[in-house]
1. Where does the charge balance sit around SER27 when Lys and Arg score +1, Asp and Glu -1, over other residues with C-beta under 14 Å from its C-beta?
2. What number comes out for accessible area per residue over the chain if the probe is 1.4 Å? Units Å², please.
3. On the protein heavy atoms, probe 1.4 angstrom, tell me the percent of accessible surface of segment 18-119 carried by carbon and sulfur.
4. Wrap a convex hull around the Cα atoms of the chain, take a quarter of its surface area, and give that in square nanometres.
5. Percent relative contact order of segment 1-112, based on C-alpha pairs within less than 8 angstrom and at least six residues apart?
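The values are calculated or read from the model by the stated rules, or taken from the named source; none is laboratory data. Here the structure is a predicted model, which means the values were calculated and not measured. Here the Cβ positions follow ideal geometry from the backbone for every residue, glycine too, while neighbour counts run over all protein chains shown. The area values use the complete protein model at the heavy-atom level, side chains included, leaving out ligands, DNA and RNA. Shrake-Rupley method; radii C 1.70, N 1.55, O 1.52, S 1.80 Å.
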Amino acid sequence: QVQLVESGGALVQPGGSLRLSCVASGSTNGVTAIAWHRQSPGKERELVARITSAGFTSYADFAKGRFTISKDDAKPAVYLQMSNLQPEDTAVYYCHAECVEWGVQYDYWGQGTQVTVSS
């Protein structure tokens, strides 16, 4: 089992930046990838960025060039550095872990952290 604790969400003005953190605990050796998703009121949850255990990264189109996902295997933790934030980035951001335990795939989610972009 994997537990995910997110932090870093805040109120920020347009053009500002934030760094979100996701600290993982539990059976983290089985984690194959961690992703950031976000969800705004009335919208479906959408992928923001993803990083595999091998370090390969991928981004949604809206995140390319502005957001950077990274990881620290020692903690372990993943981070999402967000720059040039815009009002449309306002959402609850969730950390998601893909995990394989005894050959079985599991998905774990954090509680989410609120990001609000407003002037």
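1. -3
2. 53
3. 50
4. Over all viewing directions, the chain projects a mean Cα-hull area of 7.1 nm².
5. The normalised contact order for segment 1-112 reaches 34 percent.
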